[in-house]
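Shown next, in structure tokens, is the structure this report addresses.
The values are calculated or read from the model by the stated rules, or taken from the named source; none is laboratory data. All of these numbers come straight from a predicted model, not from anything done at the bench. Note that we place each Cβ from the backbone using ideal geometry, even for glycine, and neighbour counts take in every protein chain shown. Keep in mind that these areas ignore ligands, DNA and RNA; they rest on the heavy atoms of the full protein, side chains included. Shrake-Rupley method; radii C 1.70, N 1.55, O 1.52, S 1.80 Å.
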Amino acid sequence: MAIDILSRDESPLSVEPLLANMPFLDLKAQYREIRGEILDAVTRVLDSQHFILGPEVDALEHEVAEYVGVEFAIGCASGSDALLLAQMAIGIGPDDEVITTPFTFGATAGSIARLKALPVFVDIHPDTFNLDERKIEAAITSRTRAIMPVHLFGLPANMDAILELARKHNIAVIEDAAQAIGSRWKMKGIGSLGTCGCFSFFPSKNLGGAGDGGMITTNDPEIAQRLRVLRVHGARHKYRYELLGMNSRLDALQAAILRVKLPHLDAWAEGRRRNADTYRTLFATHDLTDQLALPRAPETSTHVYNQFSVRVPQRDELQGHLRDCGIPTEVYYPSPLHVEPAFAYLGYRRGDFPNAEAACREVLSLPIYPELTVKQLTAVVQAISRFYQCS
Ligand SMILES: *Cc1c(COP(=O)(O)O)cnc(C)c1O
């Protein structure tokens, strides 16, 4: 049944909802592809009755280290813990300063504050949504211990500039790569460039488990060794507490499931990139490129599109219209961290980071998961087109 939802004599709300019948992220579609392998992996772990760390986690650590291109990978309980453990292993603590972006998930700056160190925010670049490397140096003081760039939405931050500054000032770089596994900066895997790379296996990330999970990557053998001790209560040998650690381990069940998914990761990212290209073509053919700013297709890096986030001045109205058309969207993120109550004690004010604040008013993430069909992508763009024809 061909319904031309663009025909101008239809009313704006007559968009056929069935055409756009899609969730924001369809994890069931991915699961259907690999269900047998996943169930075999789960059965293998249950049969072994070995649930915490162990051979499945060891194997995943080796596979992720090779995939990212680093010497060591250390599994832990979540991406948030990966950020926390990386800083603990580097020795960041009270009164240290860590430079990061206010346009990110709360755990980025939260992990710094949790160690009683000071998150120091620097504004983002309006086109990439990542830390504006030109503004970092002015924020470096004698107490700065690290820069924590976030490769937001799956697009690498400018690592050449960040690594150069870190070398010059002798400070660490902790990559928040929670949204960016598989992306590359000039051929090098994200998470292999800084002192540590921090990954999340939260189900909605590009490599998602069946629950929480995380991993830290590094080329530094001493940091790797400390991470292995810190995640098990700071004890290298049972009941011998060398460091003040925590309980943050990766479950064997998660590791076994992630090992099934890892070999598919590049193909899934390719599917996301293909969908991003299809969006670009569709937005151009519908003459919408003046109304929406689309994510940059980078030249020096690969984008893995954990999110496909556009910028639109009438964001809330457009989101409401799309909801009426049955098209789900999300806002990542509605508020920059420097104005959130948990960070009020840092003393920042609205207006301090205008690019991050504008992004929070204008970003809208569209469905981008690899299993989307061209028909579904077309329905999204046609519904957006309808919004501009009627407003
Ligand atoms: C998801 C995410 C985290 C936290 O990961 P969890 O596994 O959910 O703890 C940290 N930083 C960013 C940018 C994220 O997207």
(request) Pick out the one residue from L258, L288, L207, L230 that is open to solvent by less than 40 Å² (accessible area, probe 1.4 Å) and not assigned by TED's automatic domain parsing to the domain that holds H62. (result) L288
(request) Return only the number of the condition from (1) part of a loop (DSSP other than H, G, I, E, B); (2) within 11 Å of the ligand (Cβ to nearest atom) that F153 does not satisfy. (result) (1)
(request) Give the number of residues within the stretch 334-347 that are crowded, with 19+ Cβ neighbours inside 10 Å and in a loop (DSSP other than H, G, I, E, B). (result) 1
(request) Report the residue count in the stretch 184-209 for those that are assigned to a loop (DSSP other than H, G, I, E, B) and either on the phi > 0 side of the Ramachandran plot or within 13 Å of the ligand (Cβ to nearest atom) (or both). (result) 13
(message) What's the number of the only condition in (1) over 19 Å from Q307 (Cβ atoms); (2) part of a loop (DSSP other than H, G, I, E, B) that E371 fails to meet?
(response) (1)
(request) Return the only residue of A356, A297 being touching a His at 6+ places or on another chain (Cβ under 9 Å), closer than 16 Å to T128 by Cβ and without any contact (Cβ under 8 Å) to a residue 24 or more places away in the chain. (result) A297
(request) Please work out if Q382 is part of a helix (DSSP H, G or I) and buried (at least 17 other Cβ atoms within 10 Å of the Cβ). (result) yes
